[in-house]
Amino acid sequence: MQRNPYRHHRQHWKLFLFLFAAMIAAASLLYTNYLTKSLSKSERTKAEVWAMSTRSIVSLPDVNDEFISFIYAVRDSLSLPAIITDDTGDIIFWRDLDSTRTNISTDVSDTLSSKLVYDPAYFAKELAEMQRRHPPIIIELETAGQKWFVYYKDSDALRQLRIFPYIQLSLIAIFLVIAYTVFNSIKRSEENLVWVGMAKEAAHQLGTPISSLMGWLELARATFEAEDNTLFDEMERDVYRLEVVADRFSKIGSEPHLSNHNIYHVVKEYMDYFRVRTSGRISFVLEGDQHVEAMLNVQLFDWIVENLLKNAVNAIESEGKVHIQIFENIAKEEIFMDVSDTGRGIPRANWESIFLPGFTTRKRGWGLGLSLTKRMVKLHRGQIFVKESEVGKGTTIRIILKSNLRYEPTQIG
């Protein structure tokens, strides 16, 4: 039975926040779409009024000057990029286009005598864009059968309004990512303080009984004259392990001191201790390169090995095998340590989850072992992950550390 209440609660919050963000995005896009449609209709009306005023100017040349001035004023007040063509597609009139492109001089050396012509490529591009965007407004002149076609394009305000929600949503998304990162960092810092406080308190509480046990053990040796007694030797090793555990907890929260060590020897020493305290139906095998070295804190690295071995043993229901292999990738200057077992295996969907606090497949336990292991591997500037696993056959977990051995390239010739 797998349980992780922390992850379950977090997933609900993530789903809620995602749906809330999706609702905000949808509402923003829908409202902006409504505004753009309304403004587009308004600009269409403006273009039609401009077309009608232009037709009035052309068709009514004999009306009084005051009325003509009024029509000119109405037309000129409607600022809108537009082009008028005749039946054959020739451009008759335009307005509000790029003034630097609507006419160019043929003789730059003599601007006074130069002749003004128009940039056909620019007009063709603008006309094609207008034709693509909106259907034309048709002006029927009094001249029999003659028609003009008015094309226009959206104003800068309308174009900016269309892209505004995407810019807005992008900025909101960036803000949310930054906020989530900051709050997550604060949350992790608070969790770290709790971890450190609990760990140091546990180390403090263990100190007194461990000291007493050491004293009682020495007294028992003297009383029973058992200086070379195997039973007392193993008890002494266990008391020493308790001291190591207390020392581990006291070091949590501070940067560990790393020094150069032979990985194979460190792992072998702990495996020999662990083997005699485990069921005889489980065999332990250590293989690989016996000379690789890395920067380690032995107390913390022992803890890493201990957690991995305990998880491997717990995964084996009756009889089985735990196999540790150590080898070096010389090209990348990395050391690989694979811890394999013949236990229940891990479903692919849980390969990442097993390193989260609170995740466990056991009825009892806090689900903190592999989470602590990952934190300690990171303190060694390494990586840990599930290399492979198959339900019913077993699991291999890989640790990658930087090698402390350096190899000079071989020079030929």
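Here is a check on your reading of the model: is Asn297 among the polar types (S, T, N, Q), touching a residue at least 40 places away in the same chain (Cβ under 8 Å) and either more than 24 Å from Leu368 (Cβ to Cβ) or open to solvent by less than 70 Å² (accessible area, probe 1.4 Å) (or both)?
Spelling it out, Asn297 is indeed among the polar types (S, T, N, Q), touching a residue at least 40 places away in the same chain (Cβ under 8 Å) and either more than 24 Å from Leu368 (Cβ to Cβ) or open to solvent by less than 70 Å² (accessible area, probe 1.4 Å) (or both).
Could you list, in sequence order, the residues of the stretch 363-398 that are modelled with pLDDT of 90 or more, assigned to a loop (DSSP other than H, G, I, E, B) and open to solvent by less than 20 Å² (accessible area, probe 1.4 Å)?
His380, Gly382
For Ser155, all conditions in the list (1) open to solvent by 60 Å² or more (accessible area, probe 1.4 Å); (2) touching a residue at least 40 places away in the same chain (Cβ under 8 Å) hold save one; what is the number of the exception?
(1)
Enumerate the pairs (first residue in the stretch 161-179 and touching a residue at least 40 places away in the same chain (Cβ under 8 Å); second residue anywhere and of a type outside the set (A, V, I, L, M, F, W, C) and surrounded by 14 or more Cβ atoms within 10 Å (Cβ to Cβ)) with beta-carbon separation below 6 Å, excluding pairs fewer than 6 apart on the same chain, so at least 6 apart or on different chains.
Short answer, once both residue conditions are applied: Leu161/Thr36; Arg162/Thr36; Pro165/Ser28; Pro165/Thr32.
I'd like to check something: does the stretch 222-231 contain any residue that is at negative phi, open to solvent by less than 70 Å² (accessible area, probe 1.4 Å), part of a loop (DSSP other than H, G, I, E, B) and not hydrophobic (A, V, I, L, M, F, W, C)?
yes
Looking only at the stretch 246-274, which residues are assigned to a helix (DSSP H, G or I) and either more than 30 Å from Gly197 (Cβ to Cβ) or open to solvent by 40 Å² or more (accessible area, probe 1.4 Å) (or both)?
Filtering the stretch 246-274 for residues assigned to a helix (DSSP H, G or I) gives 246-251, 263-274.
The answer is Asp247, Phe249, Ser250, Lys251, Ile263, Tyr264, His265, Val267, Lys268, Glu269, Met271, Asp272.
Looking at (1) part of a helix (DSSP H, G or I); (2) within 20 Å of Leu379 (Cβ to Cβ); (3) touching a residue at least 40 places away in the same chain (Cβ under 8 Å), which one does Val339 not meet, given that it meets all the others?
(1)
Yes or no, residue by residue, for (1) part of a helix (DSSP H, G or I); (2) among the aromatic types (Phe, Trp, Tyr); (3) under 30 Å from Leu39 (Cβ atoms); (4) at pLDDT 80 or above:
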residue: Tyr151; (1), (2), (3), (4): no, yes, yes, yes
residue: Ile172; (1), (2), (3), (4): yes, no, yes, yes
residue: Tyr180; (1), (2), (3), (4): yes, yes, no, yes
residue: Leu193; (1), (2), (3), (4): yes, no, no, no
residue: Glu201; (1), (2), (3), (4): yes, no, no, no
residue: Ser211; (1), (2), (3), (4): yes, no, no, yes
residue: Met214; (1), (2), (3), (4): yes, no, no, yes
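Of all residues in the stretch 114-141, how many are at pLDDT below 80 and open to solvent by less than 90 Å² (accessible area, probe 1.4 Å)?
So the answer is 5.
Name the single residue, out of those in the stretch 86-108 being modelled with pLDDT under 75 and closer than 21 Å to Ser155 by Cα, that is farthest from the chain's Cα centre (by Cα).
First, the residues of the stretch 86-108 that are modelled with pLDDT under 75: 98-108.
Applying the additional criterion that residues be closer than 21 Å to Ser155 by Cα yields 98-102.
Numbers: Asp98: 44, Ser99: 47, Thr100: 47, Arg101: 46, Thr102: 49 Å.
Taking the candidates together, the pick is Thr102.
Would it be correct to say that Thr111 is open to solvent by 90 Å² or more (accessible area, probe 1.4 Å), at pLDDT below 75, over 30 Å from Ser28 (Cα atoms) and part of a helix (DSSP H, G or I)?
Here the answer is no, as Thr111 does not meet what is asked.
Since Arg277 meets every condition but one in (1) more than 16 Å from Asp338 (Cα to Cα); (2) open to solvent by 50 Å² or more (accessible area, probe 1.4 Å); (3) among the basic types (Lys, Arg); (4) in contact with a helix residue (DSSP H, G or I) (Cβ under 8 Å, 6 or more places away or on another chain), which condition does it not meet?
Exception for Arg277: condition (4).
Taking the stretch 283-334 only, how many residues are outside any strand (DSSP E or B) and of a type in the set (Val, Ile, Thr)?
Adding up the residues that qualify gives 7.
The values are calculated or read from the model by the stated rules, or taken from the named source; none is laboratory data. Computed from a predicted model, the values in this text were never measured in an experiment. Reconstructed Cβ throughout: ideal geometry from the backbone, glycine too, with neighbour counts over all protein chains shown. Ligands, DNA and RNA are stripped out before the accessible areas are found, and what is left, the full protein with its side chains, is counted by its heavy atoms. Shrake-Rupley method; radii C 1.70, N 1.55, O 1.52, S 1.80 Å.
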